[in-house]
Amino acid sequence: MKSHVPTETNADIVLVTLNARYIHASLGLRYLRANLGPWRDRSVLLERLATDAPADIAEAILAFKPRLVGFGVYIWNVETTLAVIKILRAVAPDVTLVLGGPEVSYESDSQDIVALADVTVTGEGETVFRQIVEQYLGTAQTTLKGVVSGGLPDLSTLALPYDELTDEDLAHRYVYVEASRGCPFRCEFCLSSLDQRVRPFPLDNVMAALDGLMARGASHFRFVDRTFNLDVKTGRALLSFFRERQSDNDLFLHFEMVPDRFPEGLRDAIQWFPAGVIQFEVGIQTFDAGTSRRISRPLKVHKVEENLRWLREETEVHLHTDLIVGLPGEDLESFGRGFDQLIALRPHEIQVGILKRLRGTPVVRHTDDYGLVFSSSPPYEVLQTRDITFSEMQRLKRFARAWDLVSNRGQFPTSRDLVLGNAPFTRFLTFSDWLGEQVGAIYKVALPRLAELILRWLVLTGTPEALAREHIIADYSRGGTRRVPGSLSGISPAKRRRHKALNARQRRHQGV
């Protein structure tokens, strides 16, 4: 990854984070740099991958001869970041090290990484980070050290970070934006449950920033707001803004939405957009009434079903929904019922996630009563509960990986329906057990081999071979693949139909 390199070789301040993938661009680091005032031009952003060698990362940091290094620490990069910090402490002990981010914002006193830092900022850090820089590099007489709170900055006075995105960022990476911070809900598995309130940015400032990004060629936007559809006025204003500016079907908008709230004032606005433009991430998490109450996430199930049906039948929105395995009090059977209930609503994707013990989240209050056992290593996934054994949890993790391969990626829509039959959860769980036996760890299975394996399983479980082969070849062909597997040879794949408005994943779900 490239850094934001200042005109000179050296930089007093290096802002570092380790991303899960190159395509992600850190919004947090860009906020910090944008709000450094006179120190901004003495800073540089350095983004690497969490899979990079710690020594290589440390070398890249020290190449700038920094006096202060700030790290954005998250659940996916904390282990590598700790290794980097240990190297910096050994070879450059005079460099000031500052930490921030959700992974170090809670339970800070018990973390080795915090003990190695000069300052750790909890919460939102734009204002306090500048104070730290002025203390350590300037003449400010503050005494910020150890663990300090970032407080709640006034969003009307923050410099927005979008000018920190380079042309390369806009061309090749996700553009993350926000119109508000905070969440009004108290879902106990989520860090947003700790927010005191929803705080909107001044809408005019947001619109001006979006207009500037689009003028620079940006067309794909991922809003990180927790509740896009909470405020009708803001949601409609954003959709109207994009409607006026969409051109050549190249616009893509990702929003998170609350599933049991969809005000009428947003419905017609959603219908303005063609396929491939809007994606909603819809956090269902569980359909079990007792579990939802237990985790402080009561849902009006009839409204969830009504809203998802309307979105699926009356709009072109791409629906990415979420369910969580391992919530306190939910067993294999109740999770399966919820999965079947969601399948019947026909979302394009169902992300099956495993409950994680995020630091600071109140879900840990259920540990003793519901036998929650979490891994001590990131991402702190639940290993077993009172109601789901370790063996069953392993099965469900294989289920989640297989589901992503076969269904979420949109490669085998009609073949998937054959696999699901009239008992979707039970049938796919059996399939994922069998698939695990064939390939071992279910992470990446080459598409040709996956097609052959699906065919084998369908035939083994009673599907006529001709019917199974017909569906798999049709699915394989619709994706535009140039070569069918050897066992399916003899039928040429159809020529790929190109729709500029749809990305590859959505195009498969749309059947084009």
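Filter the range 170-193 for residues that are in contact with a Lys or Arg (Cβ under 9 Å, 6 or more places away or on another chain) and of a type outside the set (A, V, I, L, M, F, W, C) and give the result.
Within the range 170-193, Y174, Y176, S180, R181, G182, P184, R186, E188, S192, S193 meet the criteria.
Can you find, within the range 122-159, the residue that is modelled with the lowest pLDDT among those that are buried (at least 16 other Cβ atoms within 10 Å of the Cβ) and among the hydroxyl-bearing types (S, T, Y)?
Here the answer is Y136.
Of all residues being farther than 18 Å from R243 by Cβ and at pLDDT 80 or above in the range 190-203, which is surrounded by the most Cβ atoms within 10 Å (Cβ to Cβ)? Just the residue, please.
Filtering first and then ranking leaves C190.
Kindly indicate whether any position in the range 380-391 is in a helix (DSSP H, G or I) and either at pLDDT 95 or above or under 22 Å from D112 (Cβ atoms) (or both).
yes
Take the residues in the range 25-57 that are touching a residue at least 24 places away in the same chain (Cβ under 8 Å) and assigned to a loop (DSSP other than H, G, I, E, B), then tell me which one is surrounded by the most Cβ atoms within 10 Å (Cβ to Cβ).
Just the residues of the range 25-57 that are touching a residue at least 24 places away in the same chain (Cβ under 8 Å), to begin with: 25-37, 39, 41-52, 54-55, 57.
Those left that are additionally assigned to a loop (DSSP other than H, G, I, E, B): 25-26, 35-36, 50-52.
Values: A25: 24, S26: 22, N35: 20, L36: 19, A50: 18, T51: 11, D52: 15.
Top of the filtered list is A25.
Which one of the conditions (1) over 28 Å from A218 (Cα atoms); (2) without any contact (Cβ under 8 Å) to a residue 24 or more places away in the chain does A60 fail to meet, given that it meets all the rest?
The number of the failed condition is (2).
So is I472 at pLDDT below 95, β-branched (V, I, T), in the same structural domain as R416 (by TED's automatic domain parsing) and not in a loop (DSSP other than H, G, I, E, B) or not? Reasoning before the result, please.
Numbers: at pLDDT below 95: yes; β-branched (V, I, T): yes; in the same structural domain as R416 (by TED's automatic domain parsing): yes; not in a loop (DSSP other than H, G, I, E, B): yes.
When the stated conditions are applied, I472 passes them.
Residues of the range 173-188 being in contact with an Asp or Glu (Cβ under 7 Å, 6 or more places away or on another chain) and closer than 26 Å to V363 by Cβ, which ones?
Selection gives E178, S180, G182, C183.
Please state which one of S375, S432 is without any contact (Cβ under 8 Å) to a residue 40 or more places away in the chain and out of contact with any helix residue (DSSP H, G or I) (no Cβ under 9 Å at 6 or more places or on another chain).
None of the other options fit; the residue is S375.
If the requirement is being under 30 Å from G290 (Cα atoms) and either among the basic types (K, R) or out of contact with any Leu (no Cβ under 6 Å at 6 or more places or on another chain) (or both), which of these qualifies: G146, G182, G123, G151?
Working: G146 fails: under 30 Å from G290 (Cα atoms); G123 fails: under 30 Å from G290 (Cα atoms); G151 fails: under 30 Å from G290 (Cα atoms).
Just one listed residue meets the conditions, G182.
Suppose we filter the range 296-321 for residues that are part of a loop (DSSP other than H, G, I, E, B) and touching a Leu at 6+ places or on another chain (Cβ under 6 Å); how many remain? Let's see the steps before the verdict.
Quick first cut of the range 296-321, residues part of a loop (DSSP other than H, G, I, E, B) only: 296-300, 315-317.
Keeping just the survivors that are touching a Leu at 6+ places or on another chain (Cβ under 6 Å) gives 317.
Going through the range 296-321 one residue at a time, the tally reaches 1.
If I filter the range 271-278 for residues that are outside any loop (DSSP other than H, G, I, E, B) and surrounded by fewer than 21 Cβ atoms within 10 Å (Cβ to Cβ), do I get at least one hit?
First pass over the range 271-278, keeping only residues outside any loop (DSSP other than H, G, I, E, B): 278.
Then drop every residue that is not surrounded by fewer than 21 Cβ atoms within 10 Å (Cβ to Cβ), which leaves none.
Scanning the range 271-278 turns up no residue that is outside any loop (DSSP other than H, G, I, E, B) and surrounded by fewer than 21 Cβ atoms within 10 Å (Cβ to Cβ).
Among the numbered conditions (1) crowded, with 21+ Cβ neighbours inside 10 Å; (2) modelled with pLDDT under 95, tell me where L372 comes up short.
Of the numbered conditions (1) crowded, with 21+ Cβ neighbours inside 10 Å; (2) modelled with pLDDT under 95, the odd one out for L372 is (2).
Looking only at the range 338-357, which residues are free of Cβ contacts under 8 Å to residues at least 24 places away in the same chain and closer than 13 Å to R401 by Cα?
Within the range 338-357, none qualify.
Inspect the range 207-226 for any residue being touching a helix residue (DSSP H, G or I) at 6+ places or on another chain (Cβ under 6 Å), within 21 Å of F262 (Cβ to Cβ) and not in a helix (DSSP H, G or I) and give the result as yes or no.
For the range 207-226, residues touching a helix residue (DSSP H, G or I) at 6+ places or on another chain (Cβ under 6 Å), within 21 Å of F262 (Cβ to Cβ) and not in a helix (DSSP H, G or I): present.
Against the definition (crowded, with 21+ Cβ neighbours inside 10 Å and assigned to a helix (DSSP H, G or I)), how does T17 come out, yes or no?
The answer is no for T17.
Collect the residues in the range 163-177 that are assigned to a loop (DSSP other than H, G, I, E, B), modelled with pLDDT of 95 or more and within 13 Å of F221 (Cβ to Cβ), keeping them in residue-number order. I'd like the intermediate steps shown before the answer.
Within the range 163-177, the subset assigned to a loop (DSSP other than H, G, I, E, B) is 165-166, 173-174.
Those left that are additionally modelled with pLDDT of 95 or more: 165-166.
Answer for the range 163-177, where residues must be assigned to a loop (DSSP other than H, G, I, E, B), modelled with pLDDT of 95 or more and within 13 Å of F221 (Cβ to Cβ): just L165.
Condition (residue is aliphatic (A, V, I, L, M) and under 18 Å from L99 (Cβ atoms)) applied to the range 2-12: is it met by at least one residue?
no
Name, by its number, the condition in (1) buried (at least 23 other Cβ atoms within 10 Å of the Cβ); (2) modelled with pLDDT of 95 or more; (3) closer than 21 Å to R222 by Cβ that does not hold for V282.
Unmet condition: (2).
Inspect the range 406-425 for any residue being out of contact with any Lys or Arg (no Cβ under 7 Å at 6 or more places or on another chain), among the basic types (K, R) and either closer than 19 Å to A468 by Cβ or in a helix (DSSP H, G or I) (or both) and give the result as yes or no.
Within the range 406-425, one or more residues are out of contact with any Lys or Arg (no Cβ under 7 Å at 6 or more places or on another chain), among the basic types (K, R) and either closer than 19 Å to A468 by Cβ or in a helix (DSSP H, G or I) (or both).
Here are some residues: R245, R261. Which one is within 22 Å of the chain's Cα centre (by Cα), at pLDDT below 90 and either over 19 Å from E349 (Cβ atoms) or not assigned by TED's automatic domain parsing to the domain that holds I324 (or both)?
On the way: R245 fails: within 22 Å of the chain's Cα centre (by Cα).
That would be R261, the only listed residue that is within 22 Å of the chain's Cα centre (by Cα), at pLDDT below 90 and either over 19 Å from E349 (Cβ atoms) or not assigned by TED's automatic domain parsing to the domain that holds I324 (or both).
Determine, yes or no, whether A275 is in contact (Cβ under 8 Å) with a residue 40 or more places away in the chain and of a type in the set (G, A, S).
Yes; evaluated as a whole, the condition is true for this residue.
So, in the range 60-79, how many residues would count as being surrounded by fewer than 19 Cβ atoms within 10 Å (Cβ to Cβ) and over 19 Å from S110 (Cβ atoms)?
Final tally of qualifying residues: 6.
Can you find a residue that is in contact with a strand residue (DSSP E or B) (Cβ under 9 Å, 6 or more places away or on another chain), buried (at least 21 other Cβ atoms within 10 Å of the Cβ) and modelled with pLDDT of 95 or more anywhere in the range 403-423?
Yes, the range 403-423 contains a residue that is in contact with a strand residue (DSSP E or B) (Cβ under 9 Å, 6 or more places away or on another chain), buried (at least 21 other Cβ atoms within 10 Å of the Cβ) and modelled with pLDDT of 95 or more.
Going by the structure shown, is I113 crowded, with 20+ Cβ neighbours inside 10 Å, assigned by TED's automatic domain parsing to the domain that holds L49 and without any contact (Cβ under 8 Å) to a residue 40 or more places away in the chain?
No; evaluated as a whole, the condition is false for this residue.
The values are calculated or read from the model by the stated rules, or taken from the named source; none is laboratory data. All of these numbers come straight from a predicted model, not from anything done at the bench. Don't worry about glycine lacking a Cβ; one is built from the backbone with ideal geometry, like all the others, and counts go over all protein chains shown.
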